[in-house]
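**Student:** Below are the structure tokens for one structure; questions will follow.
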């Protein structure tokens with residue numbers, strides 16, 4: 001197993017409703033989807049986002065498009081319209097989730113390596 | 001333009017000409033000119049847009065609709081009239097009647113052949129909400145509205161496709177609404193043209209799945225997607241806005257015009273499908289609860305994706321309402337430090353301002369200090385910098401009940417240029433009123449809609 005940023009195997013988009021943020025995380029290839037299912041869990045996401053997310057995180061699955069949807073409550077500084085943040089909608093949270101680290105089987109790691117993606121220190 | 005309600009067998013073409021109040025004008029004009037469209041939809045209302053428009057209307061009774069209505073219609077109406085393209089838009093915002101009156105003037109000024117202008121009223125439920133403030137609860141938190149401080153300035157229910165279908169059935173060529181579910185603007189033409197039943201939930205679910213793909217306009221055709229080296233998008237400056245090709249059985253292709261920039265593929269569609277939804281098996285719209293979990297995305301050609309497998313469940317009993325409430329003021333002040341030791345100087349500046357706020361007795365409900373260039377968006381969750389930054393922008397943002405406290409905060413930031421650490425940029429300061437939006441649910445029976453259709457022109 002080798003460690004990579006999630007960015008190397010998935011793309012993401014984040015959106016808002018009130019004080020709730022959601023992030024769609026989509027695998028670039030079907031073979032990467034199990035890695036996301038195993039490792040991009042609500043618990044790990046909660047830890048990764050530190051104090052940005054004050055409420056629970058629920059994860060929904062969309063296996064036909066190799067995606068998960070993370071719904072994060074109390075995640076937007078009290079609501080888009082009152083927040084003091086420069087990113088009140090949390091649209092940049094899609095970039096934050098892609099900084100999560102994931103362990104990747106050697107076969108997939110070799111493919112990522114051929115694409116010029118950088119392995120991280122374990 | 002003959003009415004074809006319920007009889008269509010050929011493909012229906014619906015273009016998405018806008019996805020927010022200030023969206024670009026020319027891509028929609030291009031769609032109107034070259035898209036062979038049956039319908040052109042402009043979606044221009046974010047959560048807070050109507051509340052802001054209502055404040056404009058209070059100042060000027062003729063205002064309160066989309067500020068770019070003139071630009072959009074002067075450019076697109078001649079094409080739409082010539083090509084038989086009908087327009088559906090929520091550009092009416094807080095004043096659909098005013099928008100319709102202005103549209104009639106534009107039709108006359110352009111000397112177009114006669115058109116029917118439809119106005120949808122009834123989304124404004126301010127009176128109901130004021131009368132029932134004691135009984136309303138904030139949708140997400142259950143907090144009673146009665147406990148929220150501040151003056152209510154607007155309350156608008158998300159109407160469904162049914163009112164637009166009514167206007168289409170009465171022959172309207174241009175329909176101006178206030179708040180309507182974003183997807184419903186696109187679903188209404190499908191229902192009208194194919195004669196879909198309003199309780200055929202799976203068919204409505206398929207229609208809304210297509211509508212969801214384009215309700216954020218170019219977000220499905222390459223906007224907000226590019227990440228160089230990972231997700232490359234060609235010719236973003238000439239981004240083409242999307243259009244739907246809808247068949248009577250609810251099979252939908254999303255595509256864009258030849259010769260435009262951008263990209264439509266499975267990845268752009270997947271991102272857009274999940275955007276701003278919660279439970280993908282239960283996406284609530286006024287017309288149908290949509291289930292996206294069975295949706296398949298299939299590339300049917302360059303910049304063409306076929307969407308199948310959407311499903312639906314019965315529509316909700318209650319309608320969502322967005323309520324705008326004035327809740328104090330936000331002051332923001334920023335200043336940049338550069339060179340060796342810039343972070344240390346910014347930290348000293350933060351300490352000075354915090355102390356000055358205490359000395360001045362400035363009353364803030366919340367104060368936030370950001371170091372732009374280090375961690376302003378993600379705080380403690382940010383990756384650590386590889387080296388000390390060459391410059392850092394210090395930002396203070398504070399919310400206060402009274403305007404004078406927000407002003408005092410930004411003035412303290414401003415004085416840093418002469419009284420704080422050395423070697424800074426000029427500061428900038430902003431003060432604005434907070435218009436907070438809260439959602440609640442109200443019974444359908446509380447909403448009385450009205451559709452007006454008038455013939456305009458020679």
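**Student:** Conditions first: (1) over 24 Å from residue B:243 (Cβ atoms); (2) part of a loop (DSSP other than H, G, I, E, B). Residue B:54 passes all but one, so which condition is the exception?
**Tutor:** (2)
**Student:** Quick check on my filter: what residues within region B:357-386 are within 30 Å of the chain's Cα centre (by Cα), free of Cβ contacts under 8 Å to residues at least 24 places away in the same chain and more than 10 Å from chain A (Cβ to nearest Cβ)?
**Tutor:** B:373, B:375 - these are the residues of region B:357-386 that are within 30 Å of the chain's Cα centre (by Cα), free of Cβ contacts under 8 Å to residues at least 24 places away in the same chain and more than 10 Å from chain A (Cβ to nearest Cβ).
**Student:** From the list B:394, B:409, which one is touching a strand residue (DSSP E or B) at 6+ places or on another chain (Cβ under 7 Å), closer than 28 Å to residue A:84 by Cβ, within 12 Å of chain A (Cβ to nearest Cβ) and in contact (Cβ under 8 Å) with a residue 24 or more places away in the chain?
**Tutor:** After applying the criteria, what remains is B:409.
**Student:** Among the numbered criteria (1) within 14 Å of chain A (Cβ to nearest Cβ); (2) in contact with a strand residue (DSSP E or B) (Cβ under 8 Å, 6 or more places away or on another chain); (3) assigned to a loop (DSSP other than H, G, I, E, B), which one does residue B:229 miss?
**Tutor:** (2)
**Student:** Restricting to region A:27-62, count the residues that are closer than 25 Å to residue A:112 by Cα, in a loop (DSSP other than H, G, I, E, B) and within 10 Å of chain B (Cβ to nearest Cβ). Spell out the reasoning first.
**Tutor:** Narrowing region A:27-62 to residues closer than 25 Å to residue A:112 by Cα: A:27-41, A:44-45, A:48, A:61-62.
Among the residues that remain, those that are also in a loop (DSSP other than H, G, I, E, B) are: A:28-29, A:40-41.
Adding the requirement that they be within 10 Å of chain B (Cβ to nearest Cβ) leaves A:28.
Selection size over region A:27-62: 1.
**Student:** With respect to the numbered conditions (1) within 17 Å of residue B:270 (Cα to Cα); (2) without any contact (Cβ under 8 Å) to a residue 24 or more places away in the chain; (3) surrounded by 17 or more Cβ atoms within 10 Å (Cβ to Cβ), which one is the sole condition not fulfilled by residue A:10?
**Tutor:** (2)
**Student:** Turning to a different aspect of this structure: Residues to consider are B:237, B:211, B:218; find the one that is closer than 17 Å to residue B:39 by Cβ and either part of a helix (DSSP H, G or I) or touching a residue at least 40 places away in the same chain (Cβ under 8 Å) (or both).
**Tutor:** Just a single option satisfies the conditions, and that option is B:211.
**Student:** Within region B:83-192, considering only strands (runs of 3 or more DSSP E) that don't extend past its boundaries, which have at least 2 residues that are within 14 Å of chain A (Cβ to nearest Cβ) and surrounded by fewer than 24 Cβ atoms within 10 Å (Cβ to Cβ)?
**Tutor:** The strands (runs of 3 or more DSSP E) meeting that bar are B:152-157.
**Student:** While we're on this one: Run down B:286, B:316, B:280 and say which single residue is in contact with a helix residue (DSSP H, G or I) (Cβ under 8 Å, 6 or more places away or on another chain), more than 10 Å from every other protein chain (Cβ to nearest Cβ) and in a loop (DSSP other than H, G, I, E, B).
**Tutor:** Numbers: B:316 fails: in contact with a helix residue (DSSP H, G or I) (Cβ under 8 Å, 6 or more places away or on another chain); B:280 fails: more than 10 Å from every other protein chain (Cβ to nearest Cβ).
Just one listed residue meets the conditions, B:286.
**Student:** Okay, moving on. Tally the residues that are under 22 Å from residue B:391 (Cβ atoms) and not in a loop (DSSP other than H, G, I, E, B), restricting the search to region B:319-341. Please lay out each step first, then the result.
**Tutor:** Taking region B:319-341 and keeping what is under 22 Å from residue B:391 (Cβ atoms), we get B:332-341.
Add one more test, that the residue is not in a loop (DSSP other than H, G, I, E, B), and what stays is B:332-338.
Residues flagged as under 22 Å from residue B:391 (Cβ atoms) and not in a loop (DSSP other than H, G, I, E, B) within region B:319-341 amount to 7.
**Student:** Let me ask something additional. Scan region B:381-396 for residues that are closer than 25 Å to residue A:46 by Cα and modelled with pLDDT of 95 or more and jot them down.
**Tutor:** B:381, B:382, B:383
Yes/no matrix, rows are residues, columns are (1) without any contact (Cβ under 8 Å) to a residue 60 or more places away in the chain; (2) touching a strand residue (DSSP E or B) at 6+ places or on another chain (Cβ under 9 Å):
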residue: A:23; (1), (2): no, yes
residue: A:31; (1), (2): no, no
residue: A:51; (1), (2): yes, no
residue: A:59; (1), (2): yes, yes
residue: A:72; (1), (2): yes, yes
residue: A:75; (1), (2): yes, yes
residue: A:93; (1), (2): no, yes
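Conditions tested, residue by residue: (1) within 14 Å of chain A (Cβ to nearest Cβ); (2) under 23 Å from the mean Cα position of the chain (by Cα).
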{"site": "B:197", "(1), (2)": "no, no"}
{"site": "B:224", "(1), (2)": "yes, yes"}
{"site": "B:243", "(1), (2)": "no, yes"}
{"site": "B:267", "(1), (2)": "yes, yes"}
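**Student:** To continue, here is another question. Checking the conditions here, which among A:71, A:80, A:102 is within 12 Å of chain B (Cβ to nearest Cβ) and not in a loop (DSSP other than H, G, I, E, B)?
**Tutor:** After applying the criteria, what remains is A:71.
The values are calculated or read from the model by the stated rules, or taken from the named source; none is laboratory data. Please read all numbers here as calculations on a predicted model, not as lab measurements. Reconstructed Cβ throughout: ideal geometry from the backbone, glycine too, with neighbour counts over all protein chains shown.
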